[in-house]
Every structure is written in C-alpha cells, then in structure tokens.
Amino acid sequence: YKMGILIAVLGIWFSSSLVRGDSKAVTTSLTTKWSSTPLLLEISEFLSEEGQEKFWNFVEASQNIKASEQGGNDYYHEMLKVACQSLSPLQQNLLKFSLSLRSYSATVQAFQQIAADEPPPKDCTLFFAVHGEKTCEFDSLGNLLQAASERLKPFLFKGDHKYPVSNPESPVVILYAEIGSEEFYRYHRRLVLKAEAGEITYVLRHYIANPSEEKVCLSGYGVELAIKSTEYKAKDDTQVKGTDVNATVIDENDPIDEVQGFLFGKLRHLYPDLTEELKELRKHLVESTNEMAPLKVWQLQDLSFQTAARILTAPPVDALMVMKDLSQNFPTKARAITKTVVPSELRAEIEENQKYFKGTLGLQPGDSALFINGLLIDLDTQDIFSLIDVLRNEARVMEGLHSLGIEGLSLHNVLKLNIQPSDSDYAVDIRSSAISWINNLEVDSRYNSWPSNVQELLRPTFPGVIRQIRKNFHNFVLIVDPAHETTAELLNVAEMFFSNHIPLRIGLVFVVNDLEDVDGLEDAGVALLRAYNYVAQEMDNNYAFQTVMSIYNKVKTGDQLKVEHVVTVLEKQYPYVEVSSILGIDSAYDQNRKAARGYYEQMGVGPLPVVLFNGMPFQKDQLDPDDLETVTMHKILETTGIFQRAVYLGELSNDQDVVEYIMNQPNVVPRINSRILTSDREYLDLTGMNNFYVDDFARFTTLDSRDKTAAVANSMTYLTKKGNICNDSFVRPVTFWIVGDFDKPSGRQLLYDAIKHQKSSNNVRISMINNPSEDPNSQNTLVAKAIWAALQTQTSNNAKNFITKMAKEEIAKALEAGADILEFAVGGMDISIFKEAFESPKVDFILSHAVYCRDVLKLKKGQRAVISNGRIIGPLEDGEMFNQDDFHLLENIILKTSGQKIKSQIQQLGFEEDLASDLVMKVDALLSAQPKGEARIEYHFFEERYSAVKLRPKEGETYFDVVAIVDPVTRDAQRLAPLLLVLNQLINMNLRVFMNCQSKLSDLPLKSFYRYVLEPEISFTADNNFAPGPIAKFLDMPQSPLFTLNLNTPESWMVESVRTPYDLDNIYLEEVDNVVAAEYELEYLLLEGHCYDITTGQPPRGLQFTLGTSTNPVIVDTIVMANLGYFQLKANPGAWTLRLRKGRSEDIYRIYSHDGTDSPPEAGEVIVVLNNFKSKIIKVKVQKKLDMMNEDLLSDGTSENESGFWESLKWGFTGGQKNEDVKQDKDDVLNIFSVASGHLYERFLRIMMLSVLKHTKTPLKFWFLKNYLSPTFK
C-alpha cells in the first residue's frame, strides 16, 4: 500500500517534469600552515594538563601501542585505550573532543619551533641539548655533562615536561624526540635512570624529524553565506575555468534527511531499489522550497515567536536539531514558518520570563546568554577552546565532590559557594608605642576650629570633598629605613598632607640598625633616629618631623642620607649643644630603636619601605610618590563611606575611641604573613578515596600521589580542644597538618605554637606528619614515636597534654640524654598500652611520612611546612618565624573565605562529626584550588512549562547544569544550537533552553545561511581510515540570490583564502557547475598587547617592537598605537622573544616590566610562548632611559640613521637607495594604495595598474591589503 502511494507520488511528479540542473553546494575548509602533528603527542599534552604524573605514565605505557596495519581507526582506539586508563568517562569524552578540534596541535608545533631554533644537528631523528651544547649520540652525553656547570642553564617554559624525580642542582638534559618512535624509548629509559640517580634533570620536548605532508584541518569556527544586496553590479562575468572539485559532498548518509516532511534517509533505507527516483524527487522538493520570494511586512511581525513555537512542538530530543536547521537555513525556511500558530500560553510565559531576564540578568528581548553551572559563557569573546577549559575545570571539581560522596542537588549547592580567597585587605594593629605620631587630630590645637562630632560624617557635601572632623578616622603610618633613597620622597608626601590640613594622623617608624655598638656618628640611619628623638624631647614630635624634613632637604635627589647631613642641621638649630652627645656612643636618645625593628618584624609586612593606611599596607606599586598621594586620597574617600555606614547604623558613636573601633574590625590581624596571604596558592588533591594506611610502608610506596595523600589522611588522628576523639559532636572547619622533624628543635617549636594557638580556638584540629632530617632509626625518632604512640593509644585530651610536653625543649633534651619516656606521662594515660606501642620496632609510619614529604610535598629532608585544609604553606626556610599569630591569621582566613560556608553545607548533609570535619577539609582543598574565575550567577527558576526546551540528565551520574536563553532567529541561535548539540554528546547535562523572542519585527531577522564547524569526535571512513577533516557544507542552496562568504573565527586567528577559482565575494550558484569549494588557511595567530610608559602613564605613541627568535631576531615588527597603547604582532606557535626595535625605540626606552608573558618578571628578555589557539594578550611597561628623559620618540632625532618603522617605510617606498639618492629622488616615487574585494574590482585594479604604468614614467609602487585579495589575483 505504502509502496503504491510512493510510486503514485513519483509518477505525478515525473509528469510535471520540472527537472532543472543539479542541486548546488558550497563547502569551506580551514587548515593550518604547519604540518599535521601526531595524535599520540596531542594526547600526551592533554594528559600533561591533568598533571605531569599522568603525562609520564602515558609516556611509559605508550610503548605498548602498535601502529596497526588495518588503518587509523584501530590505532586511534588503541591510543585512547592507553590514555583513558587514568581518566573518568567525562574526561575521556573531552579528550576525544580535543582531538577532534586538534586543540593541542598548536602545543606540539610550539615545541617543534623551539627545536628548530636550537637548531637540530643534521640527520638526527632525536637529539639531546645540555646547557646549549647538542648531540645525537648518547655516549657523548657524559662529556657534555662534565662541563655543563660552566655554561648557563637553559630557560625552561611553563609547559615543559620535567621528569618528576630530579635533583634541582644537577645539569639539565633536554631530549628532543618523538614519543612513539622505538629510538625514543631506548634513550628515555637511560635518561630516567640518570634522573632517578640524581645526576641530571630530565626534560622532554616533542620533536618530529620527518613531519607529515598533510596539514591540520581545524574546526571551532563559523561560516556565513550572506545574501548580498544587488543594487549595484559587483559580479564579474568572466567564465571560471577548470574546477576540479570533489562533487560528492551531498550528504547521502544523513539518517533523517528531511525535506518538506519526507524523511529521505528512511525512504532510501526502506526502498533501496528506488534510489534514483528518490534522488530526483528530493531535488524537485528542495528547489520548490528554496524559492525565496520576499515576505509581506505583516508576515514578518511574529516570525521570532513562530520559530520558537515550531521548535517547542518538536519532541525534546529533536528540538535542538530543529532549532539548528531553522536558524541556520532561515532565509529558505521563513515562508513555511509564517504559517505556524503561536499558542497564547507560550507567548504569555515568554513575556513573563522576559521581565526576569531584564531584571536579574540585564537581558533585553532578543538577547542571548549561556550559563554552565552558573558561569556566564560569553559567546562573543570566548571561543570553543576556552570553553573546553571551563568544562575541564568544572569536571575536575564535580568529579572530586562526587568521589567524596556529595551528589545531585547538594553537589550543585556546594559548587555555587563563592569561596575564592577574597582580596580583602588585612590590616595590622597600629596601637603600638613603637609608632611616633607627629600629630593627633583630636587634641592638637591647629585642628580646634573643626567640628568633633561623628554625626558630621552624615552631613551632605559635594562629591569628592574630604570632610574635616576632629577624629582620628584616617591613620597614615610610614615604616622606613632613613638611609634608603626613597625615604625623602615618602616623607615629602607626608609633609604635604600635614601642611595642607588633610585630616590624616601621621605616624613614623624608623627601622635602623639595632646593634648596641653601632652609633650615630657611623650610621646615618641611627643618627637620624637620635636627632629626631632629641628634638622630640626638647620640643615635640611635630617639630622633630620638621627637623627631619630640613635634614632631607640637604640630600640631593637620588643620593643617600649621610651622617654629615644630620650634623649640619643639628649644629645650625642647636649651636650650643655638643652633637656627639646626641649622636655618639653614650647617647640617651635611643628610644624606640629596638621597639621599631621589633614592631616591623612582628608585623611581617615585607620589605621596606612600608606605608600603612589604618593598618592596611599599600601595594609596592602604589608607593611611587605621585601615586601615593592619589591612592591615599582615594582611600580617605573610600573609608569615609564605611564610617558613614557605621555611624548611621549606630555601630560608631561619639564617645567611642575611633582608633579602637578600627582596630577591632575582623580584618585586623596581629601579623601579616605574606606566605599566607599570597594569591599564589598550592593545594593537595584530597579527593582520593581508599582503604590504605601509612603503617604499611611496602604498599604505600606503590601508590600514586593522590592515593598517598588519601592514605595519609586516613591514618590521621587529630588533637582537638576538650572532649574525646570519639564523642565530640562539633564539626571543626579548620584542619592543620604540621610537617617537620619533631626530633629537632625547629619542628617541635612549630608544633608547640600550633598547640598553643589551638587552646584559644574550638575550630581547629591538629595532626602531625614527620619529616626526618636523616634516615630514621630507633635513636633519632624518639619524640616522633612517642607522639605517634600517644595519638594511636590515648584519648584526645591526654594525647594533647602529653604531646604538648614532648614539644618542650627541656623534655626533649632529657629524652636525648637517656631519660625514660614514662617519667613524662600525664595523669590519666593508659601507660601499658602506650609503652607497648612506643617500644614496637615498626617505624613504617615514619618511612611512609618521609616518602610522602619527598614525593608529594616536594620537601627536602627535615624541612618544615604547614598544611591547612589541604593548602601547602612552605617549605618554611630554616629560622623562618611561623608563630601563634600566623596560625591565628590562617584560621581567620579559612573561616572567612571557605570554612564556615562549607561547614554549614556539610552539616545539612548529615555526616558523622569527624567524617564531617574531614569532608570540610577535603571540599575546601578542592574548591579553593580552582583558578579564580567570575562569580557564579544565581538565576531564579523561570517559568519553563511552555517556553523552554528541557533535556534531563542521566540518573546517578554527575551532571552539568546548563541554561541557555536565546532568540531562535538571531546569529547567536545559529551558533548556540550546534554547540549545544555537541555538548549533549560530550557531557551529561541538565539542559534548559529558554526562548527570548522579539515581537513586531519589521525586517527579515536573519539574511544569511550559517554553519558552525564542530564535531564531538574524530570520524573515520568506511575502510577504517581517518576521514578528511571537518568542513562546512551548504547543501541544496537556492540558486537565484548572490551570496558572499565570510568566516567567523576566534579573534586571534588571521585566515586567508588560499585556493578557489570562484569569486567568494560574489557567489552566483546558477553559473556554477555543482560545488564551490573554498579553502582557507590559518596564516597567523595574533599576539596582542598593551604598552604604557610608567613615567607618564600614557601609551608611548610610535614605539616599535620586534618579535623573533634567538637565531632570527626580527621576523615581524609593529608599532604602539595611541589608543590604549594597543599593539599586535603576527606569530605562529612557538617561543618568541619580544624586543624594542633597534634604533630610536631602543635608544630612548627600556622595558620596565611585563605581564602575561612566559619569562620571569625580572628577566631582561621578554619571552612569549604561543602554544594554543586561544587569544594571548600581554602587558608591557616601558620607561625612558635617564639621559633620554626629554627626547621625543616621533621627532627626527639626529642619531637616527636607517632604522625604525618610518625609515623602513621610506626604504620600502624608495627601493632602498643610499641616503644621498633619497634626497633627490624622494618625490619621484608614486605610492598607490588600494583595497579591492571581489573579482570584478580586481579586474578594474589590473586595468588601472596597466593604464598608470603606460601613462607615467615615474617609478611606481603598488600597495595592496593581502587579506582582501582572491587566490587567483595573488
């Protein structure tokens, strides 16, 4: 019956015989300039981002992968099998996706370029580089190593693969080789043996001796075929000859292939004998739908809502496919969509949701947004490569939480906690007698006319006016070394504040040499301090400050203070006083000399000079005298707002001491330790779960880092304040692991300070990891064994009291001298069990701890560290102070940022107490280790009954929460639909796509066809070989309109059309045989940056940079723009050196600092590594050289010969004659600049060039913009 209908349809159609030419297609592909890189190396780079351990394990395992004869498919799956042993299913999918995108091809190519720059010795498939010397022979390596220490160590990049076990002192051997080649494994094994013996540091870099002929086929970009306005002629009518193009692009294999309701994929499957007739019918239907007659205005009005209604009537599984099809082929679908009816409840719900979108997310109708787990993904700025990074980071956290037993909705609640370390400024206490205040707003007579009521803060004033009130709201403390050259400038700023009646209380701390035998006649700093103290006693602090200022006025700018400067001023002011009695050895004016240095060291605020505002230290870069003034004024205005709030809310009243109020704020800590506050933090991976313990050393050594950490955590017994270990119903959000050698005083001191701190806090648990200084035996581990035995056998309280005793120096000394341990037992201890545990000969736990400290914590023997909730603070230097105040600060930070929030979430889950405390520690380490990103956006649940496409996640697995808001007839929908389809294959997601339609449209919303080139996995041909790379296909296109082809690539890609006989600016399919194939190439990856002159804060207009390698220093050059100091350099993957251009740029400027680059900030050479497809933006600060302060970069400058950009341009214009010739011939060269796009205008260009050449005798130079020229013209 069905067959009958089908034959009837075909019959009717044949009789109407509307047969026209074949259906037409346009295809686009994009390749790199560099050769295709082996997938094996790309997999290794993916794993190296998961951790170096996984990289080296893969290198070892990869020797079992055999390149199979049956073709690419088997080899590919073989590689994946080895790589996926250590990856979760989600990470496996992301690996396949990365390989399909070829995103690590750039990383491998970067190493290839670094190798080419070495350059490689001739006829070598691999080679070694030892501090600049190279060889292919392993036997000659020994000779190179002997003399290596005399040569400089090579610069290692962030992405380098350094073998984990290596001695940092040893020479560096870099092996350039290709993983997978037999030769590689032979040498690799030998180098590993040398590295493990501590003879070398082994670094591996990829090097492919015989690169493949093929190029890398890229994806992750969009292609637009836009309908062109034909108001004027732009089409060239010359015939295109010789189009040898593969015409088999029409997708015969599409399983659905729906045209006007006919599912041709299924029909072909059901009726294989009617293939030809079906092909003809399909062609006719396509052509009848593709007629694009213009729509009436009343038909356009509701198109957006109608498209949404069409999408929402499809079953949820197919809705994204429908959305992709409608948005990407909108011009041909629009007429059919106008017949759709929009249900009223759909329209009402969309309009209701739009109020929320506008109110909470700031989205207007027609706008779009994508959120993954609450993170906003900006489709305009974030390309697919940065999206993969987001997915990988999220996957790590979610899988970590999942393995800790947190699942489903509670997992997403924990994920949403905002626990990034806040940049809240910590302050130190300024109520110290070591600070000498030169004024006091509350009592000094000079401020008598000011009002003294705090309510004055609430009196309205003009914005930016500083209120003058007789209260010490703003306290400014300078901690300086008087002999330092910057001190005079800082004191000048303070003096300026004072004399201009700025409401600022100013204090001074002079940090000078505090040795008894150094006196003021030898040391300028001591002299100044004594002079200040003398005048302060005779007169007052304010007068003493004026004296100090007059002393500094004698010092020339840039010079240092000398004793004679102090003597001159004192003799002038106090002619009758013996100067040596003030400054000399018997001086009585040493007040605060020791106290000042003590205060400075106790504060831990970092190198001098230090400026505190209400106890908060300013950043180093704010201490420039010009900046300091502005920054302080800003601070005054900023803190005024905080005080206004406090007064308004009644927290600060008139009878309170303002300084006391400031010092009682939660951000005031007894000591600022930069180790704790640094933003550069390292965390342990505590997500491992196993049942191993440290008392089985043999088993412990076989575990990987994550499992070792889990075993250490499993074996921990904690000291807590009050109560027993077993029955303590309190969750403690802060866990300290104290690492050190407890048989040495330094380790015991650290432990003692931790226990002392714990007495004051009920939020803390403490445990110990022993890091012995020498190989453990029964004599040198007495204290460690005693501590371990007490923890294993005693109640928490008794163990704590006993361990506190053990940490005391005199008791440890007595033990070493041979005293019996039981003499020191505390009351209530179970002596017999303890004795048995203490005397047991097993020291497995110490051996395990020692291995753990060496391999995972990367500590040397005996080094100390503190691990707080998984964050490693250390290694602490010998003699470095880490005391109770530091533990207090650490606890304070953890509670404020993460501890309390995580604790309240964990308590809701109802875990048992000690398990819960463990969980808080592990979750904290996991969440805090994440790179600091944007805050997650809380979106309320919008109405989703009628206006949202919903896809539910698979049960029982972790899922991503993905919310998209989109108008289905916008460019964003064209990009978003294919992206969501691919994501749906990669990740398990709870997806909701909300429609955000525009009403009352007056024009066709989309006038282009669009394809987004993206595939979730590499595809293969029927005979198991790799399929040719992903391409954009526009099939069955209408033939009457004139099209123009545009590529929509990530911002930093520079692409050019390289092969096609057709005019891509004007594609007219009626005149094309069957397929227009456009081939593009990625010419360059752009390196972008901003440059500022630190003296003026302005961009150095006209400054020139060059980018090159060590062998070829100038490959490309650029010039800094006046607009934001922007510059742009064309590069490709590799390591490049950025320099100022020789000539005027280099003569006048030097590079002061750089950010976002790959060389350390203090390095002279600026090295930039481009090793991925993402944008790279660097910041460079430059400074004029001292003798060039008044030079202008753009003026001629007599020193300038043939160098610099303008000269090179002139040289280009004049063909590079000698200077004398230039003078006479300068005007005789005609430079003609032209931009032409499209074959027709290129024809005009040729005619113009010919006619100019015929009609002028003057030398000509034509300048074209290469990007716009067609391949045929080039």
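Throughout, read-outs are computed from the coordinates displayed, never taken from laboratory work. Predicted, not measured: the structure shown is a model, and the values here were computed from it. Neighbour counts run over all protein chains shown; Cβ positions are idealised from the backbone, glycine included.
When +1 charges are put on Lys and Arg Cβ atoms and -1 charges on Asp and Glu Cβ atoms, the dipole computed for the chain relative to its Cα centre reaches about 2300 debye. Between amide H atoms placed 1.01 Å from N, distances below 5 Å from T1118 occur with F1105, all of them 5 or more places distant or on a separate chain. Listed by chain and number, the lysines whose alpha-carbon sits under 22 Å from that of K471, ignoring those within fewer than 8 places in the same chain, are K635. The residue list T28, Q792, S904 was ranked by how far each Cα lies along the charge dipole of the chain toward its positive end, using unit charges on Cβ atoms, and T28 comes out on top.
Please compare each pair in K358/K1007; K153/K858; K813/K861; K744/K860; K333/K1000 to a cut-off of 25 Å on the Cα-Cα distance and tell me which ones are over it. Going by Cα-Cα distance, K358/K1007 fall outside the 25 Å limit.
Which residue, P841, P1005, L1170, has the largest displacement toward the positive end of the dipole of the chain when charges sit on each Cβ (Lys, Arg +1; Asp, Glu -1)? My answer, from the dipole projection, is P1005.
Taking 7 Å along the Cα-to-C-beta vector as the label spot, tell me the T135-N1123 distance in nanometres, rounded to one decimal. Computed distance between label sites T135 and N1123 equals 5.6 nm.
Residue ranges 391-404, 141-154, 75-88 sort as 391-404, 75-88, 141-154 when ordered by packing (mean number of other C-beta atoms within 10 Å per residue, highest first). A Förster radius of 51 Å combined with the Cβ-Cβ distance from I585 to I833 puts the calculated FRET efficiency at roughly 0.20. Run lengths n ≥ 4 of DSSP H only: what is the helix-derived mean residue ellipticity at 222 nm for the chain, with -39500 (n - 2.57) per run over all residues, to the nearest 500? Here the helix-only value at 222 nm equals -11500 deg cm²/dmol. The label-point distance for H269 and A116, in a model that sets each label 7 Å from Cα toward Cβ, rounds to 4.8 nm. Taking a spot 7 Å from the Cα of L909 along the direction of its beta carbon, which residues of the stretch 957-990 have an amide N less than 19 Å from it? Taking a point 7 Å out along Cα→Cβ of L909, the residues of the stretch 957-990 whose backbone N falls under 19 Å are 957-961. The listed peptides 122-135, 759-772, ordered by packing as a protection proxy, come out as 759-772, 122-135 (highest mean of other Cβ atoms within 10 Å first). May I ask which residue of Y187, L156, Q109 lies farthest towards the positive end of the charge dipole of the stretch 34-217, with charges of +1 (Lys, Arg) and -1 (Asp, Glu) on Cβ and the Cα centre as origin? So the residue we want is L156. For R765, the residues 5 or more places off, or on other chains, whose built amide H falls under 5 Å of its own are V734, T735, F736.
Note on the stretch 285-381: with charges restricted to the Cβ of Lys and Arg (+1) and Asp and Glu (-1), its dipole about the Cα centre is near 240 debye.
With a simple spin-label model that places each label point 7 Å from the Cα along the Cα-to-Cβ direction, the separation between Q52 and E182 comes to 3.1 nm. Rounded to the nearest 0.05, what FRET efficiency do R1246 and E564 give with R0 = 60 Å and r taken as the Cβ-Cβ distance? Could you check? The value I calculate is 0.15.
When each of the peptides 1176-1184, 915-923 is scored by the mean number of other C-beta atoms lying within 10 Å of its residues, the order from highest to lowest reads 915-923, 1176-1184. Excluding same-chain neighbours fewer than eight residues apart, the lysines reachable from K1185 by a Cα-Cα span under 22 Å are K556, K620, K1142.
What label, among (1) 266; (2) 240; (3) 354, belongs to volume of the Cα convex hull per residue in Å³ computed from the structure on display? Computed from the coordinates, volume of the Cα convex hull per residue in Å³ corresponds to (1).
The string of couplings for the stretch 798-812 from the Karplus curve (6.51, -1.76, 1.60, θ = phi - 60°) is 5, 4, 5, 4, 5, 5, 4, 4, 4, 7, 7, 4, 5, 6, 4 Hz, one whole number per residue in order, with x for Gly and Pro. Just want the ordering: F1105, F1233, F497, from fewest to most Cβ atoms lying within 10 Å of their own Cβ. By the 10 Å Cβ count, ascending: F1233, F497, F1105.
Using the Cβ-Cβ distance between N453 and E407 with R0 = 56 Å, the FRET efficiency computed as 1/(1 + (r/R0)^6) comes to roughly 0.45. For K81, a cut-off of 22 angstrom between C-alpha atoms picks up these lysines, skipping any fewer than 8 places away in its own chain: K54, K66, K96.
Fully extending the segment from E1088 to K1000 would add 27.5 nm, taking 0.36 nm per residue of separation and subtracting the current Cα-Cα distance.
In the chain, Cα pairs under 8 Å separated by at least six residues give a relative contact order of 17 percent.
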